[in-house]
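Participant: Got a structure here, written out as structure tokens. Questions coming.
The values are calculated or read from the model by the stated rules, or taken from the named source; none is laboratory data. Just so it is clear, the model here is predicted, and its values are computed rather than measured. Ideal geometry is used to build each Cβ from the backbone, glycine not excepted, and the neighbour counts take in all protein chains shown. SASA here: full protein model, heavy atoms, side chains in, ligands and nucleic acids out. Shrake-Rupley method; radii C 1.70, N 1.55, O 1.52, S 1.80 Å.
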Amino acid sequence: MEEKLKQVKQKLDKYGQEQLLDAYNRITDEKGKQDFLDSILTIDFNQANELYESSKQKPSFANSKIEPIDYTDKSKLSKEEYEELKAIGTKKIKEGKLAVVTMAGGQGTRLGHSGPKGTFDLGLNSHKPIFEILTDTMNEGRKEYGADIPWYIMTSEENNKETEEFFKKNDFFGYPENLITFFKQGKLPMLSTDGKILVDEKGKIKEAADGHGGIFGSMLKDGVIYDMKARGIEWIFIGGVDNVLVKPIDPIVIGLAEKKKVLAVGKSLVKANPKEKVGVFCKRDGKPSVIEYTEISDEMAEETDENGELKYGESHILCNLFNIKAVDKISQMKLPYHIAFKKAKYIDKDGNLVTPTEPNAYKFEAFLFDAFESLDDMAILRVKREEEFAPVKNAEGVDSPDTARKLYTDFHSRK
Ligand code: UTP
């Protein structure tokens, strides 16, 4: 213990994070002290300092060359094209080459539900929670193709236990238990505006999930990629937990990837209007990418092609298909971290709980779409909003339980 404490002190001293010793000194039980020292030893202080330095730099988009990217409109495929893609994709699904990953590690702060977002009751007559709605879709696909489709659910440190218990309590909503795997995404310390690692309400290091882009590294670290390879998986659909119309088992998207010989396909929706606050697919310096609404000029956002369609009109909806080779490659790369300035409760150096009314802390998140640039090419498949996109983001108004419930019931009454 003495030795460990010495090691920790040296580390904190080296990286200017001695304030963490105040929190250590306040812990009264031996186990708590030991755990706290262990958690300090797992922190990558070099990375924390680098992240802090990056918070001082302004993002610069000016130098990259942005161009529109080609897309395929699912609804405009000819019957022959559609049947061809469907046959290719169906064969792959039936051969057990598809796996699905659901990202459920987010905090869902906008929705404000107290548990994991997947446990939220959407307000259907059946009162099915979001996880059950997604499991229904998974079960339908599994039955339709008569195939075992492994389903991986990414949770975070904060919500992992509750998520696993929810599935167990509900007998995995009828999905074969041996096909479901939970894995936890990574986390990063939150920093004060002067670069100090914060301590949370429980006296522990204040950490937050490292963003949906953390998925690739976590899939490697937690053995998910290894498991997929052992099962002979070739294609992986990755989507968020909060789209209740998600179509994860879709032969067309696999068929398109195979036909175009690309390692990824992003599903897109046509932008509702040029000013809609969504990221859109594009080419950046010749590579597939997403340009965020904060990056695009009004002029570019309004540009149209010869058919009168927006040149930058394919919005990214976090519904993407990747080949295992792409996931393998990306998992070994470092994606950049984006900085969010958040309100974060913490314990100050005198042991008092501070509840800020204004943002006070930096949170660092990797974005999944930053991975696209590492691929030489990817295909974009435009799908229909009313068929594949009903997000639950906000407590009310746009993209809320009310709008998602309506989209969901309308879609299912048309089926
Ligand atoms: P959002 O960006 O909408 O974030 O996540 P969120 O955490 O769910 O909600 P807010 O912003 O706090 O209100 C899009 C998808 O990515 C997942 C979410 O669970 C959701 O399915 N996600 C996000 C993760 O799995 N991990 C993260 O670190 C962030």
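Participant: What pairs come up if the first residue lies in segment 22-40 and is within 13 Å of Lys202 (Cβ to Cβ), the second is part of a helix (DSSP H, G or I) and of a type in the set (Ser, Thr, Tyr), and their beta carbons are under 8 Å apart, counting only those six or more places apart or on different chains?
Facilitator: Going by the 8 Å Cβ cut-off, the qualifying pairs are Phe36/Tyr24.
Participant: While we're here: Taking Ser64 as the residue in question, decide whether it is within 16 Å of the ligand (Cβ to nearest atom) and either crowded, with 16+ Cβ neighbours inside 10 Å or part of a loop (DSSP other than H, G, I, E, B) (or both). Spell out the reasoning first.
Facilitator: Details: within 16 Å of the ligand (Cβ to nearest atom): no; either crowded, with 16+ Cβ neighbours inside 10 Å or part of a loop (DSSP other than H, G, I, E, B) (or both): yes.
No; evaluated as a whole, the condition is false for this residue.
Participant: State whether one or more residues within segment 301-308 are within 14 Å of the ligand (Cβ to nearest atom) and among the polar types (S, T, N, Q).
Facilitator: Filtering segment 301-308 for residues within 14 Å of the ligand (Cβ to nearest atom) gives none.
No, segment 301-308 contains no residue that is within 14 Å of the ligand (Cβ to nearest atom) and among the polar types (S, T, N, Q).
Participant: Determine which single condition Ile69 fails, assuming it passes every other condition in (1) in contact with a Phe, Trp or Tyr (Cβ under 8 Å, 6 or more places away or on another chain); (2) assigned to a loop (DSSP other than H, G, I, E, B); (3) within 15 Å of the ligand (Cβ to nearest atom).
Facilitator: (3)
Participant: Just to be sure before I move on: is Pro248 assigned to a loop (DSSP other than H, G, I, E, B) and touching a residue at least 60 places away in the same chain (Cβ under 8 Å) in the structure I sent? Before you say what the answer is, go through the steps one by one.
Facilitator: Details: assigned to a loop (DSSP other than H, G, I, E, B): yes; touching a residue at least 60 places away in the same chain (Cβ under 8 Å): yes.
Answer is yes for this residue.
Participant: Yes or no: Asp242 within 16 Å of the ligand (Cβ to nearest atom), at pLDDT 95 or above and among the charged types (D, E, K, R)? Reasoning before the result, please.
Facilitator: On the way: within 16 Å of the ligand (Cβ to nearest atom): yes; at pLDDT 95 or above: yes; among the charged types (D, E, K, R): yes.
For Asp242, the condition - within 16 Å of the ligand (Cβ to nearest atom), at pLDDT 95 or above and among the charged types (D, E, K, R) - is met.
Participant: So, in segment 245-261, exactly how many residues are away from the ligand (no atom under 16 Å from the Cβ) and open to solvent by 50 Å² or more (accessible area, probe 1.4 Å)? First the steps, then the outcome.
Facilitator: Looking only at segment 245-261, we keep the residues that are away from the ligand (no atom under 16 Å from the Cβ), and these are 249-261.
Keeping just the survivors that are open to solvent by 50 Å² or more (accessible area, probe 1.4 Å) gives 258-261.
Adding up the residues that qualify gives 4.
Participant: While we're looking at this one, here's another question. Would you please name the residue that is nearest to the ligand (Cβ to nearest atom), looking only at residues in segment 219-235 that are within 21 Å of Glu365 (Cβ to Cβ) and crowded, with 20+ Cβ neighbours inside 10 Å? Don't jump to the end; show me each part of the working.
Facilitator: Restricting attention to segment 219-235, the residues satisfying the condition of being within 21 Å of Glu365 (Cβ to Cβ) are 219-222, 224.
So of that shortlist, the ones also crowded, with 20+ Cβ neighbours inside 10 Å come out as 219, 224.
Numbers: Met219: 12, Val224: 14 Å.
Result: Met219.
Participant: Looking only at segment 157-185, how many residues end up being at pLDDT 95 or above and assigned to a loop (DSSP other than H, G, I, E, B)? Before the answer, list the steps.
Facilitator: Step one: of segment 157-185, the residues at pLDDT 95 or above are 159-185.
Applying the additional criterion that residues be assigned to a loop (DSSP other than H, G, I, E, B) yields 159, 170, 175-176, 185.
Here the count works out to 5.
Participant: Now for a different question. With the structure loaded, tell me whether Gln107 is more than 16 Å from the ligand (Cβ to nearest atom), open to solvent by 30 Å² or more (accessible area, probe 1.4 Å) and part of a loop (DSSP other than H, G, I, E, B) or whether it fails that test. Step through it out loud before you land on a result.
Facilitator: Values: more than 16 Å from the ligand (Cβ to nearest atom): no; open to solvent by 30 Å² or more (accessible area, probe 1.4 Å): yes; part of a loop (DSSP other than H, G, I, E, B): yes.
No, not satisfied.
Participant: Going by the conditions given, is Ala264 more than 16 Å from the ligand (Cβ to nearest atom), open to solvent by less than 10 Å² (accessible area, probe 1.4 Å), within 17 Å of Leu368 (Cα to Cα) and in contact with a strand residue (DSSP E or B) (Cβ under 7 Å, 6 or more places away or on another chain)? Give the derivation first.
Facilitator: On the way: more than 16 Å from the ligand (Cβ to nearest atom): yes; open to solvent by less than 10 Å² (accessible area, probe 1.4 Å): yes; within 17 Å of Leu368 (Cα to Cα): yes; in contact with a strand residue (DSSP E or B) (Cβ under 7 Å, 6 or more places away or on another chain): yes.
Spelling it out, Ala264 is indeed more than 16 Å from the ligand (Cβ to nearest atom), open to solvent by less than 10 Å² (accessible area, probe 1.4 Å), within 17 Å of Leu368 (Cα to Cα) and in contact with a strand residue (DSSP E or B) (Cβ under 7 Å, 6 or more places away or on another chain).
Participant: Looking only at residues in segment 110-131 that are surrounded by 16 or more Cβ atoms within 10 Å (Cβ to Cβ) and more than 16 Å from the ligand (Cβ to nearest atom), which one is nearest to the chain's Cα centre (by Cα)?
Facilitator: Lys128
Participant: A further question follows. Could you grab me the full set of residues in segment 384-394 that are open to solvent by less than 10 Å² (accessible area, probe 1.4 Å) and either under 18 Å from Trp235 (Cβ atoms) or among the basic types (Lys, Arg) (or both)?
Facilitator: Glu388 - this is the single residue of segment 384-394 that is open to solvent by less than 10 Å² (accessible area, probe 1.4 Å) and either under 18 Å from Trp235 (Cβ atoms) or among the basic types (Lys, Arg) (or both).
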